[in-house]
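Structure first, then comments.
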Amino acid sequence: MPTKMTLWSIEADSPREIPVVPLDLESRLESWVMDEPNILGLDVVIIGQQVATDFGGFIDLLAIDAGGDLVVIELKRGRTPREVVAQALDYAAWIKTLTPKDVHRIASEYLSDRQDLDTAFSDKFGIPLPDQLNADHSILIVASELDDSSERIISYLVEQYGVNINGVFFNVFSHGDNQYLGRSWLASPEKVDKTSAGRKQAPWTGCWYVNVDEGESRNWEDSKEYGFISAGGGRKYSSALDRLSEGARIFAYQKGMGYVGYGEVLSPPVMAKEFVVQFKNAPLTDVTLRQPNLLHDIDDPELCEWVVGVEWITSFANDDARKFPGIFANQNVVCKLRDEKTFKFLKHEFNVEEDSPAPASPE
């Protein structure tokens, strides 16, 4: 349980407790969060205010995180009764039903003419908006204080059922002409995230999801013809390829289109200048590329494209990509494919034979 939040000033080399003053308006707290959502300790974009649910309730604030998941934020300026937890869970039950189209609609009403959701998301996180939105959600209750029963209920939901719900407490302190805002969590956000993920994570299918997004450095036809996937623009992106060991089975996803390839990894990642096209026995630098900028920053291990050799077993052109509404996709360069519905669909579409043991992943 959180302890009382207290601040002291040092006056004449002695500590003096700074008094807490009541937060006069809930709307004041709401405006602070809308302007600076990081005061909650969350890296999110606010996409909705007073969002009307189908049953007449109104969600104070709705946000989206870097993974495309939604965050329900319920605000109370004072001490909250335990009913606020039931209210927040009720909102979450409605949030779970929202489609990507619904998320875009809510965001467009809030962002208005300032930005669309894609732009607001990419400006905040520096990555494209994931195709799959609202695959999961979390709840945050913001107040000056929760009653004891609410704290017990939230802790029980987290520890027993892995519900991603937490409380954050704000107090305003007054000292002379200045006011200060203090923040404290009911439970460590890292602990809540870990508990929630540990209970919800589906078993690994044994296959990997990889992004093959086209752009100024990549072309899917090059990848198909010469047998590779690549990533670059910084090791924070390209190092994700290190997770793929020889024999790993991968499904390649083209953003906004669908899945375009199924194959097996033949060789570990190397700098583009070191990659050899197997069937030509020639370096990648000597073949004709539709996107020659794949060879950008060729001598810089930090910025260059890193390339993994792949034997494509089944592949499709971009305009023949395989997908269905709600198919798994995200912004990661590489991740384990865990969505069973997506995996079952892909096995059928790409004529994947019976599962074989997956190679160990270098984590």
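The values are calculated or read from the model by the stated rules, or taken from the named source; none is laboratory data. If you're wondering where the values come from, they're calculated on a predicted model, not measured in any experiment. FYI the Cβ positions are ideal-geometry reconstructions off the backbone, even for glycines, and counts take in every protein chain you see. These area figures cover heavy atoms from the full protein model, side chains too; ligands, DNA and RNA do not enter into them. Shrake-Rupley method; radii C 1.70, N 1.55, O 1.52, S 1.80 Å.
Ordering G68, M34, L89 by the projection of their Cα atoms onto the charge dipole of the range 34-90, which places +1 on the Cβ of Lys and Arg and -1 on the Cβ of Asp and Glu, puts L89 at the extreme positive end.
In this structure the chain gives 50 Å² per residue of accessible area when probed at 1.4 Å with all protein chains present. Couplings for the range 65-71, taken from phi via the Karplus curve 6.51 cos²θ - 1.76 cosθ + 1.60 with θ = phi - 60°, read 9, 5, x, x, 8, 8, 10 Hz in order; Gly and Pro are left as x. The calculated FRET efficiency for the pair D136 and E246, based on their C-beta separation and a Förster distance of 30 Å, comes to about 0.40.
Were the residues from H175 through S31 laid out at 0.36 nm apart, the gain over their Cα-Cα distance would be 49.6 nm.
Full extension of the chain between V287 and R235 gives 16.2 nm of extra length, using 0.36 nm per residue less the Cα-Cα distance.
Mean residue ellipticity at 222 nm, helices only, the chain: -7500 deg cm²/dmol; runs of at least 4 DSSP H residues each add -39,500 (n - 2.57), and the sum is divided by the number of residues. Relative contact order of the range 212-363, taken over Cα pairs closer than 8 Å and 6 or more residues apart, is 31 percent.
Could you give the nm distance between label points at K344 and Y161, where each point is 7 Å from its Cα heading toward the beta carbon? Each label point is offset 7 Å from its Cα along the Cβ direction, giving 2.5 nm. Among the listed pairs K96/K347; K224/K323; K96/K236; K255/K280, those whose Cα-Cα separation exceeds 25 Å are K96/K347; K96/K236; K255/K280.
For the range 302-307, backbone phi angles converted through the Karplus equation (6.51, -1.76, 1.60; θ = phi - 60°) give residue-by-residue couplings of 7, 9, 5, 6, 9, 10 Hz, Gly and Pro being listed as x.
If a spin label sat at a point 7 angstrom from the Cα of E83 along the line to its beta carbon, the backbone N atoms of the range 118-147 nearer than 20 Å would be those of 140-147. When only the Cβ of Lys, Arg, Asp and Glu is charged (+1, +1, -1, -1), the dipole of the chain relative to its Cα centre reaches about 780 debye.
The phi torsions of the range 146-152, fed into the Karplus equation with coefficients 6.51, -1.76 and 1.60 and a -60° offset, translate into couplings of 9, 5, 4, 5, 5, 4, 5 Hz, rounded to whole numbers, with Gly and Pro shown as x.
DSSP beta bridges fully contained in the chain are about 75 percent antiparallel. Under 14 Å from a label point set 7 Å out along the Cα-to-Cβ vector of V276, the amide N atoms of the range 289-321 belong to 309.
Across the chain, C-alpha contacts under 8 Å between residues 6 or more apart give a mean separation that, scaled by the residue count, equals a relative contact order of 15 percent. Treating r as the C-beta distance of L266 and D300 and R0 as 35 Å, the FRET efficiency rounds to 0.90. Placing R0 at 25 angstrom, the Cβ-Cβ distance between F324 and A202 gives a FRET efficiency of 0.90 after rounding to 0.05. For the range 253-319, applying the loop criterion from DSSP together with a ceiling of 16 other beta carbons within 10 Å to the GluC sites (Glu not before Pro) yields E302.
Computed from label points 7 Å out along Cα-Cβ, the spacing between S122 and D54 is 3.2 nm.
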